[in-house]
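The values are calculated or read from the model by the stated rules, or taken from the named source; none is laboratory data. Keep in mind that this is a model prediction, so the values were computed, not measured. A quick note on method: Cβ atoms are made from the backbone with ideal geometry, for glycine too, and the neighbour counts reach across all protein chains shown. For accessibility, only protein heavy atoms count, side chains too; no ligands or nucleic acids. Shrake-Rupley method; radii C 1.70, N 1.55, O 1.52, S 1.80 Å.
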Amino acid sequence: MYNVCMNVLPHSLRIGVIRGGTSPEYDVSLRTGANVLEHLSETHKPIDIFVSGDGTWHMHGLEKSPERILKNVDVVFNALHGKYGEDGEVQEILEHHGVPYTGSSRFPSAIAMNKWMVKERVKMLGVKTPVYGVVRRTDDLGAKAKEIFNSIPHPLVVKPANGGSSQGVSKVSSFKELLSALENILANYDMALVEEFISGKEATLGVIDNFRSKDIYTLPLIEIVPPKDNLFDYESKYNGQSREICPGNFTDKEKREIERVSGLVHKHFGLEHYSRSDFIVSPRRGVYFLEVNTLPGLTKESLFPKSLDAVGVSVKEFLHHVLELALKRK
């Protein structure tokens, strides 16, 4: 293990950047990985580790086993998103081969990826979250959909219970729309989450471990403003058409609550290095927690880098910091 001191990574450190993967967030992961590689190339010679859609690993463009690839690295920056990269699978592989890596470890990653399980646990902590229900692939779809439709306030938001933050999300008002949304999700996922739609401002907040003399450093709060003519079009909100305001327009009370819950969730689930939590802030009902992302995007257009920039932190500085944390992890 390399001795990391004085916030400087040894120039000889062999850093692998793993990207791609088997999830629907494959393209975003490629862009996150490309941005990470670009910034790390300023100080090191990072190794591009590409995982294809079928789960095959590559290094220098050649197909190789994880075992052979991981013998060539000292630490891995995990730039995967969603299934395989964010749910504990790749973490298990890296741990098996004794390679330190960035981000949360195997079990916290698996739990945080399950939106239903996260909601169950944050409720026990007294954190407000929209009323929700879960539909499994093994359920009687018609009966379960009817039960949920009659028990949760409308309109409804439907999403995969274990997918990435922007994957497969839709807003429905009728039973027919609900059934169709559930069928689409359950064709690709084991479980779907249905929750009440709460009208309000969307907010997201990133946190970083052991940064700037704080155990958990909170980045500036971002407000996400969807296009006026597409307020409920989730696709438009995540393909660059939304407007992000940093710092967002929130009251001091709202900001304090979002910061409190983000730190609480990060600690309670045993998350490590960094995470980003999403919220909806109702002018009448207050702050509602939606979900936590253990590996938020780091593309040039992503929210996390915008927060970093707002407090004068370069992406390179952030990458070096979390790589140091990875090397120090016991």
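Please report, as a whole percent, how much of the solvent-accessible surface of segment 107-236 comes from carbon and sulfur atoms (probe radius 1.4 Å).
51
Keeping all protein chains in place, calculate the accessible area per residue for the chain (probe 1.4 angstrom), answer in Å².
Working: 15040 Å² over 330 residues.
Accessible area per residue: 46 Å².
Going down the list Lys71/Lys267; Lys267/Lys328; Lys71/Lys214; Lys71/Lys306, which pairs span over 27 Å between their C-alpha atoms? Before the final figure, lay out each step's value.
Values: Lys71/Lys267 32 Å; Lys267/Lys328 18 Å; Lys71/Lys214 34 Å; Lys71/Lys306 34 Å.
Beyond 27 Å between Cα atoms: Lys71/Lys267; Lys71/Lys214; Lys71/Lys306.
State the extension gain, in nm to one decimal, for the chain segment bounded by Met124 and Ile245, taking 0.36 nm per residue of separation less the distance between their alpha-carbons. If you can, show how the numbers build up before the last one.
Working: separation 121, 0.36 × 121 = 43.56 nm, distance 3.15 nm.
The span from Met124 to Ile245 would gain 40.4 nm if fully extended.
Tell me the relative contact order for segment 151-202 as a rounded percent, counting alpha carbon contacts under 8 Å between residues six or more apart. Please list the in-between numbers first.
Details: 74 pairs, mean separation 24.5, N = 52.
Relative contact order for segment 151-202 comes out at 47 percent.
Relative contact order for the chain: what is it in percent, counting Cα pairs under 8 Å that are at least 6 residues apart?
Taking the mean separation of contacting Cα pairs over the length of the chain, I get 19 percent.
Defining a contact as two alpha carbons under 8 Å apart and six or more residues distant in sequence, what relative contact order in percent does segment 2-92 show? Kindly include the intermediate steps, with their values, before the conclusion.
Values: 156 pairs, mean separation 33.4, N = 91.
With pairs under 8 Å counted, the relative contact order is 37 percent.
For Lys146, go through the lysines and keep the ones whose alpha-carbon is under 23 Å away, minus same-chain ones fewer than eight residues off.
The qualifying lysines are Lys115, Lys119, Lys159, Lys171, Lys176.
When the accessible area of segment 279-328 is split by element with a 1.4 Å probe, what percent falls to carbon and sulfur?
51
Return the Rg/Rh value of segment 41-166, two decimal places, where both radii are evaluated on C-alpha atoms and Rh is the Kirkwood radius. Could the numbers behind the result be given before it?
Numbers: Rg = 19.3 Å, Rh = 17.5 Å.
Rounded to two decimals, Rg over Rh is 1.10.
Full extension from Asn150 to Asp27: what is 0.36 nm times the residue separation minus their Cα-Cα distance, to one decimal in nm?
Separation in residues times 0.36 nm, less the Cα-Cα distance, equals 40.5 nm.
Once you order the gyration tensor axes a ≥ b ≥ c over the Cα atoms, which shape class does segment 131-197 get: rounded for a/c under 1.5, otherwise prolate or oblate by comparing a/b with b/c?
oblate
Could you work out [θ]222 nm for the chain from helices alone, using -39500 (n - 2.57) per DSSP H run of at least four and dividing by all its residues? Round to the nearest 500 deg cm²/dmol. Show your work: numbers first, answer last.
Numbers: 11 runs with 110 residues, N = 330.
Calculated mean residue ellipticity at 222 nm is -10000 deg cm²/dmol.
Which of the lysines could be linked to Lys300 by a straight reach, that is with a Cα gap under 23 Å, when you skip same-chain ones fewer than 8 residues away?
Lys45, Lys83, Lys237, Lys316
Just to verify a number: FRET efficiency for Asn72 and Glu183, C-beta to C-beta distance, R0 = 30 Å, to 0.05?
0.10
Give the percent of DSSP beta bridges with both residues in the chain that are antiparallel, rounded to the nearest 5.
Percent antiparallel among DSSP bridges in the chain is about 80.
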